[in-house]
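Undergrad: Take this structure, written in structure tokens, and hold onto it; I'll ask about it next.
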Amino acid sequence: MRKILYISLACVLLLTACQDTYLDLDPQDSITEAAYYKTPEHFKSASNDLYFNLTGWRTLWGGVEYFDFGSDLNGLTQDYGRGHDEIPQSDDFWTNNYKYLRKVNMVLQKAEEYEGDASEIEEYVATAYFFRAFHHFFLMQRFGGVPIVTEVLDVNSESLTSPRNSRYEVFAQILADLDMAIGNLPTESEIAEADKGKISKYAAMAFKAKALLFEGTWEMNVGNSTDGDGVSAGAGSNKPSGYMSTSEMISEANSLAKNVMDNGGYSLWNHNEELDNLSNLYLFNLEDAGSNPAGLEKASNNEFILYQKFDYNLYQSRKIVSHVFGGRGAPSRKFMDMFLCADGKTIYDSELFEGYETCASEFQNRDYRMTSYFADHETWDTWTPGTLELLLGSVGWSNRKFYTYQYGSYRAQNEESYDYPIIRLAEVYLIYAETLYLMNGSLTDAQMAESINLIKARAGLPGITNAILADNGMDIWEEIKRERAVELYLENSRYFDLKRWAEAEEALSDDICGPIVEGNEYEGNPDLYNPEAYPYGTKKITTPMGDLDAVIVDPSTVRNFQRMHYLFPIPIDQLDLNENLLQNPGY
């Protein structure tokens with residue numbers, strides 16, 4: 001029998017024997033397909049197993065671009081953000097997602113064969129439809145058009161040698177599956193507390209809104225420039241009959257976001273009074289009462305809509321999350337200067353900006369998220385100190401978003417067990433705001449108040465109105481984009497945003513700079529700053545204090561992000577196995 005790497009046939013049914021208290025999973029030992037799928041409990045267990053394949057600490061580890069490491073907002077470099085051009089021998093994101101699709105399609109196939117009352121298993125079938133959409137969307141975002149798989153494959157399946165479907169055919173399948181899921185999933189309020197983390201109707205709606213915004217703006221701005229002709233390269237640009245227009249996509253994304261906002265029952269996690277204005281820190285390392293100074297637990301979080309659930313006793317990350325995020329999440333100079341001052345103005349317009357005289361001074365009177373995410377020695381408090389001294393080519397700041405509280409004592413390496421957010425309410429507000437702008441070219445004051453201003457309020461910023469924007473020379477479109485950058489940092493957003501706006505070539509090919517080293521405590525102080533540790537030297541950048549030197553962490557001379565890099569290459573092993581697969585253009 002020939003070796004099948006394209007889609008693993010080894011994973012017929014991976015039923016994990018976890019305790020009932022974790023997503024209500026039932027232990028299943030030595031169960032074969034022939035003896036399985038006979039009762040609603042079988043379908044329940046099979047659908048529960050699909051949750052382990054959501055994106056999260058375990059499934060994404062190694063895929064640094066999905067944490068936005070190395071984007072223009074990040075001070076440490078990654079090859080992907082520079083514009084990689086090597087075709088890998090294999091790609092786990094391709095292989096694993098097709099493994100996951102096999103499990104999904106098994107549930108759906110067995111549901112068609114089920115002889116009992118179909119209503120008894122409709123929620124579990126709906127869950128499978130959601131996951132089929134989810135995995136196809138993951139593949140489409142990464143590779144563009146891919147083979148659509150809606151059946152359980154065996155070694156003789158024609159799909160193993162099929163050409164790629166176009167991204168438009170894939171997206172049409174995604175939308176069809178999401179509609180099937182939305183129709184039969186429970187609302188959030190109908191999910192028992194013990195089952196929180198399961199996908200609700202509103203989670204599927206939020207995901208569909210996110211997918212529609214992504215694809216609608218991709219088609220508006222990128223068009224078919226990455227498709228290839230489908231004959232010599234790429235998946236082509238074939239659109240199925242009745243395919244949605246981009247304006248229809250944006251309109252439906254807006255309606256779905258509004259539905260989730262109004263009816264989903266979610267709320268922003270705002271505990272600034274108890275947490276010294278650091279809600280945007282502790283939300284992302286929330287576990288039990290020991291995970292934050294206020295003693296808040298996961299049950300207090302009603303902001304996460306779609307997420308992978310972790311648990312210290314039952315399902316730890318088993319990855320060095322704090323260690324990796326603390327270093328790789330360090331910000332670029334560009335990102336640090338994006339944070340507004342407490343009066344809602346940029347550092348160039350606000351009298352509250354304290355400048356760069358010390359590392360701590362630029363944190364003063366700023367958006368709460370700046371201190372929530374990053375810290376110097378004066379703001380780490382009980383956290384492990386970050387590196388201020390620019391002696392070894394470091395960025396100078398440390399990241400603490402997704403960094404566990406009292407690392408090393410409360411939680412040790414590999415023990416971090418906070419949930420991984422895929423979509424949360426703040427992103428739905430931003431989807432709503434962006435789609436309104438794309439539809440109308442503006443937002444009303446009331447629309448700002450019910451979306452973007454709620455996010456600003458948690459960050460300690462005043463709300464905006466059209467009059468405020470005009471008075472301060474601000475542009476609502478740029479403000480929406482800035483809010484997405486700041487609010488969704490390290491949440492698998494920035495790379496996709498830059499690409500769907502067709503801004504990646506410019507943003508990812510510019511110099512990446514670190515701290516200002518002129519006219520402050522760094523200059524001439526060998527105990528803090530060693531110029532020899534920075535082989536690329538410094539460059540003058542525009543600041544509110546004039547043009548000042550900033551260290552160059554990664555120069556534009558080694559960065560060459562092009563349109564071809566909007567999609568990843570098809571791995572070599574898949575091209576070898578299926579001669580009908582064509583490589584993406586440019587590779």
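The values are calculated or read from the model by the stated rules, or taken from the named source; none is laboratory data. A quick note: this is a predicted structure, and the numbers were derived from the prediction, not measured. Positions of Cβ are backbone-derived with ideal geometry, glycine not excepted, and every protein chain shown enters the neighbour counts.
Undergrad: Within region 101-123, work out how many residues are in a helix (DSSP H, G or I) and either of a type in the set (S, T, N, Q) or surrounded by fewer than 23 Cβ atoms within 10 Å (Cβ to Cβ) (or both).
TA: Here the count works out to 14.
Undergrad: Moving on. Run Leu443 past the list (1) surrounded by fewer than 18 Cβ atoms within 10 Å (Cβ to Cβ); (2) more than 22 Å from the chain's Cα centre (by Cα); (3) more than 26 Å from Asn224 (Cα to Cα) and report the number of the one that doesn't hold.
TA: If we test Leu443 against (1) surrounded by fewer than 18 Cβ atoms within 10 Å (Cβ to Cβ); (2) more than 22 Å from the chain's Cα centre (by Cα); (3) more than 26 Å from Asn224 (Cα to Cα), just (1) comes out false.
Undergrad: Now for a different question. Conditions: (1) crowded, with 23+ Cβ neighbours inside 10 Å; (2) of a type in the set (S, T, N, Q); (3) more than 23 Å from the chain's Cα centre (by Cα); (4) under 22 Å from Phe52 (Cα atoms). Asn313 meets all but one. Number of the miss?
TA: (1) is the only condition that Asn313 fails.
Undergrad: Ok, one more. Going by the structure shown, is Phe69 buried (at least 16 other Cβ atoms within 10 Å of the Cβ), part of a loop (DSSP other than H, G, I, E, B) and on the phi < 0 side of the Ramachandran plot?
TA: So Phe69 fits the description; yes.
Undergrad: Here's something else I'd like to know. What about Tyr495, is it in contact with a strand residue (DSSP E or B) (Cβ under 7 Å, 6 or more places away or on another chain) and either on the phi > 0 side of the Ramachandran plot or outside any strand (DSSP E or B) (or both)?
TA: So Tyr495 does not fit the description; no.
Undergrad: Is it the case that Glu193 is among the charged types (D, E, K, R) and in contact (Cβ under 8 Å) with a residue 60 or more places away in the chain?
TA: Against the criterion (among the charged types (D, E, K, R) and in contact (Cβ under 8 Å) with a residue 60 or more places away in the chain), Glu193 qualifies.
Undergrad: Being at pLDDT 95 or above, more than 23 Å from Asp419 (Cβ to Cβ) and surrounded by fewer than 22 Cβ atoms within 10 Å (Cβ to Cβ) is true for just one of Gly265, Gly242, Gly228. Which residue is that?
TA: Every option except Gly242 fails the conditions.
Undergrad: Of the residues that make up region 375-395, is at least one farther than 18 Å from Leu488 by Cα, modelled with pLDDT of 75 or more and buried (at least 20 other Cβ atoms within 10 Å of the Cβ)?
TA: So far as region 375-395 goes, no, none of its residues is farther than 18 Å from Leu488 by Cα, modelled with pLDDT of 75 or more and buried (at least 20 other Cβ atoms within 10 Å of the Cβ).
Undergrad: List the number of the failed condition for Lys196; all other conditions in (1) closer than 23 Å to Asp419 by Cβ; (2) of a type outside the set (Gly, Ala, Ser); (3) at pLDDT 95 or above hold.
TA: For Lys196, the failing item is (3).
Undergrad: Here is a check on your reading of the model: is Gly290 assigned to a helix (DSSP H, G or I), touching a residue at least 40 places away in the same chain (Cβ under 8 Å) and surrounded by fewer than 17 Cβ atoms within 10 Å (Cβ to Cβ)?
TA: yes
Undergrad: Would you check which residues across region 91-117 are of a type in the set (Ser, Thr, Tyr) and in contact with a Ser or Thr (Cβ under 8 Å, 6 or more places away or on another chain) and list them?
TA: Selection gives Thr95, Tyr98.
Undergrad: Let me ask something else. Keeping to region 222-242, report how many residues are of a type in the set (D, E, K, R) and either without any contact (Cβ under 8 Å) to a residue 60 or more places away in the chain or assigned to a helix (DSSP H, G or I) (or both).
TA: Total satisfying the criteria: 1.
Undergrad: Additional query: I want to confirm something. Restricting to region 409-455 and keeping residues that are among the aliphatic types (A, V, I, L, M) and in contact with a Lys or Arg (Cβ under 7 Å, 6 or more places away or on another chain), which single residue is nearest to Glu479 (Cα to Cα)?
TA: Only one residue tops the list, namely Leu430.
Undergrad: Has region 506-522 got at least one residue that is outside any loop (DSSP other than H, G, I, E, B), within 20 Å of the chain's Cα centre (by Cα) and surrounded by 15 or more Cβ atoms within 10 Å (Cβ to Cβ)?
TA: For region 506-522, residues outside any loop (DSSP other than H, G, I, E, B), within 20 Å of the chain's Cα centre (by Cα) and surrounded by 15 or more Cβ atoms within 10 Å (Cβ to Cβ): present.
Undergrad: Next question, about the same structure. Determine whether region 210-221 contains at least one residue that is over 30 Å from Pro569 (Cβ atoms), crowded, with 19+ Cβ neighbours inside 10 Å, touching a residue at least 60 places away in the same chain (Cβ under 8 Å) and small (Gly, Ala, Ser).
TA: For region 210-221, residues over 30 Å from Pro569 (Cβ atoms), crowded, with 19+ Cβ neighbours inside 10 Å, touching a residue at least 60 places away in the same chain (Cβ under 8 Å) and small (Gly, Ala, Ser): absent.
Undergrad: Okay, next question. Output the number of the condition that Trp94 fails; it satisfies all remaining conditions of (1) free of Cβ contacts under 8 Å to residues at least 60 places away in the same chain; (2) not in a loop (DSSP other than H, G, I, E, B).
TA: Condition not satisfied by Trp94: (1).
Undergrad: For region 408-437, name all the residues that are more than 20 Å from the chain's Cα centre (by Cα) and either surrounded by fewer than 21 Cβ atoms within 10 Å (Cβ to Cβ) or under 18 Å from Asn280 (Cβ atoms) (or both).
TA: The answer is Gly408, Ser409, Tyr410, Ala412, Gln413, Asn414, Glu415, Tyr437.
Undergrad: Do we have Gly62 as surrounded by fewer than 22 Cβ atoms within 10 Å (Cβ to Cβ) and either at pLDDT below 90 or in a loop (DSSP other than H, G, I, E, B) (or both) here?
TA: For Gly62, the condition - surrounded by fewer than 22 Cβ atoms within 10 Å (Cβ to Cβ) and either at pLDDT below 90 or in a loop (DSSP other than H, G, I, E, B) (or both) - is met.
Undergrad: I would also like to ask the following. Pick from region 320-374 the residues that are aliphatic (A, V, I, L, M) and part of a loop (DSSP other than H, G, I, E, B): which of them is surrounded by the most Cβ atoms within 10 Å (Cβ to Cβ)?
TA: Filtering region 320-374 for residues that are aliphatic (A, V, I, L, M) and part of a loop (DSSP other than H, G, I, E, B), the one surrounded by the most Cβ atoms within 10 Å (Cβ to Cβ) comes out as Leu340.
Undergrad: I need the full set of residues from region 523-537 which are crowded, with 18+ Cβ neighbours inside 10 Å and either at pLDDT 95 or above or of a type in the set (S, T, N, Q) (or both), in order please.
TA: Of everything in region 523-537, nothing turns out to be crowded, with 18+ Cβ neighbours inside 10 Å and either at pLDDT 95 or above or of a type in the set (S, T, N, Q) (or both).
Undergrad: Restricting the search to region 188-209, which residues are assigned to a helix (DSSP H, G or I) and within 16 Å of Leu50 (Cβ to Cβ)?
TA: Asp195, Ala203, Ala204, Phe207
Undergrad: Just for region 475-505: of the residues that are surrounded by 18 or more Cβ atoms within 10 Å (Cβ to Cβ) and of a type in the set (A, V, I, L, M), which one is farthest from Tyr368 (Cα to Cα)?
TA: Top of the filtered list is Ala504.
Undergrad: Continuing with this model, one more query. Looking only at region 523-564, count how many residues are closer than 12 Å to Arg82 by Cβ and not in a strand (DSSP E or B).
TA: 8
Undergrad: What single numbered condition from (1) outside any helix (DSSP H, G or I); (2) within 21 Å of the chain's Cα centre (by Cα) fails to hold for Phe171?
TA: The single condition Phe171 does not satisfy is (1).
Yes or no, residue by residue, for (1) under 18 Å from Lys499 (Cβ atoms); (2) among the aliphatic types (A, V, I, L, M):
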| residue | (1), (2) |
| --- | --- |
| Val149 | no, yes |
| Ser162 | no, no |
| Leu175 | no, yes |
| Glu190 | no, no |
| Val222 | yes, yes |
| Gly234 | yes, no |
| Lys239 | no, no |
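Undergrad: Take Gln583 and tell me if it is at pLDDT 95 or above, assigned to a helix (DSSP H, G or I), out of contact with any Gly (no Cβ under 7 Å at 6 or more places or on another chain) and of a type outside the set (D, E, K, R).
TA: Spelling it out, it is not the case that Gln583 is at pLDDT 95 or above, assigned to a helix (DSSP H, G or I), out of contact with any Gly (no Cβ under 7 Å at 6 or more places or on another chain) and of a type outside the set (D, E, K, R).
Undergrad: Here's something else I'd like to know. Just to be sure I understand, how many residues within region 548-559 are touching a helix residue (DSSP H, G or I) at 6+ places or on another chain (Cβ under 7 Å) and exposed (fewer than 15 other Cβ atoms within 10 Å of the Cβ)?
TA: Of the residues in region 548-559, 1 are touching a helix residue (DSSP H, G or I) at 6+ places or on another chain (Cβ under 7 Å) and exposed (fewer than 15 other Cβ atoms within 10 Å of the Cβ).
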